[in-house]
1. Using +1 on the beta carbon of Lys and Arg, -1 on that of Asp and Glu, and nothing else charged, what's the dipole of the chain about the Cα centre, debye to 20?
2. Stretched out fully, how many nm does the piece from Glu109 to Arg19 gain, at 0.36 nm a residue minus the Cα gap?
3. Let me know the Rg and Dmax you get for the chain when you use only its Cα atoms, in Å.
4. Just the accessible area per residue of the chain, please: how many Å² with a 1.4 Å probe?
5. With unit charges on the beta carbon (Lys/Arg positive, Asp/Glu negative), name the residue among Gly112, Thr75, Tyr97 whose Cα is farthest towards the positive pole of the charge dipole of the chain.
6. Which three extents, in angstrom, do the Cα atoms of region 45-99 have along their principal axes, listed largest first?
Amino acid sequence: QVHVVESGGGLVQAGGSLRLSCAASGPSDYSMGWFRQAPGQEREFVAAVIRNSRTYYSDLVKGRFTISRDAAKNTVYLQMNSLKPEDTAVYFCAAHYVGGAHERAASFEYWGQGTQVTVSS
């Protein structure tokens, strides 16, 4: 069993920055991803780092968000810059990639409870 805990959400004005953290404990392949879900919408892919440290981003956040990993701590970070009101959502961290398209939530086995990010205009 892998336990996943996110932190770092909050309220920020448009154009501002936030950094989310996600720590995973337990056996893992060290692949981790970030997804987000706005009210009334489906969960969508944001960014991921897969086993060999290759990173992937949604086109919606490419150039503004950066995912990074501290392998020793089994922790990933999501640095979010130039935030927009449409980035407002609950952000979920996922761990342990089980295969398939990395943009699919079903491709990750373990999930955190989520952290709220609110961007005001």
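1. Details: 11 positive and 10 negative charges, 54 e Å.
In debye, rounded to 20, the chain gives about 260.
2. On the way: separation 90, 0.36 × 90 = 32.40 nm, distance 2.33 nm.
That pair, Glu109 and Arg19, stretches by 30.1 nm at full extension.
3. 13.2, 41
4. 51
5. Most positive-ward Cα: Thr75.
6. Cα extents, longest axis first: 32, 23, 20 Å.
The values are calculated or read from the model by the stated rules, or taken from the named source; none is laboratory data. Remember, predicted model here, so these are calculated numbers, not experimental data. All Cβ positions, glycine included, derive from the backbone under ideal geometry; neighbour counts span all protein chains shown. Protein only, heavy atoms only, side chains kept; ligands, DNA and RNA dropped before computing areas. Shrake-Rupley method; radii C 1.70, N 1.55, O 1.52, S 1.80 Å.
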